[in-house]
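See below for the structure under consideration.
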């Protein structure tokens, strides 16, 4: 949940800022281009969801996947701000969208397995609250930086802020919690329940002969 707060510092602002930034890089007010990019962002997140199952076959722990996606996401976000080409900035932002598509289901599954069912609603509400709080702070801070300096600087600083996610996930990894492990061997039997629900498909069943009825 601490990582959720840190991510929200950049992600909300980054999502709402790409339209004026990319159109500015393009040098033309073509609203249809923004529509195409929005569709590509949605598609990229879907691709990220799909990639979770693939990469979980090679990662025994959820924190391995979270550390990898957080690192790629940070570097891509910084790259969006550093490049001055529309044709480079858009693909880099789509990489950010892909990593978010990977991060979200893994984090949800981790939380659902860590939190007892009796406390799950309360703590997931707290996670949502921290996300909203981080988004509010990030949009105010990075919005001010964009206004006084440039949107590109906002992307660079917002991307740099994501480095704080890494020690949080690393500390979580050191707890060696059973929920950190994917089901099966390195996720081969069941990658990652997309919505954080337990995988019930592997529950063994025992066939039993029907009970004999007593003679009346």
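Each reported figure results from applying straightforward, stated rules to the coordinates on display, with no laboratory input. These figures come from a predicted structure and were not determined experimentally. Please note: Cβ atoms are built from the backbone with ideal geometry, for glycine as well, and neighbour counts cover all protein chains shown.
Over segment 2-180, with a single point scatterer placed on each C-alpha, what log10 of the ratio I(q)/I(0) does the Debye formula yield at q = 0.15 1/Å?
-0.87
How do 71, 50 rank when sorted from fewest to most other Cβ atoms within 10 Å of their own Cβ?
50, 71
Neighbouring Cβ atoms within 10 Å as the yardstick, rank 47, 52 fewest first.
Placing the least packed residue first, the sequence is 47, 52.
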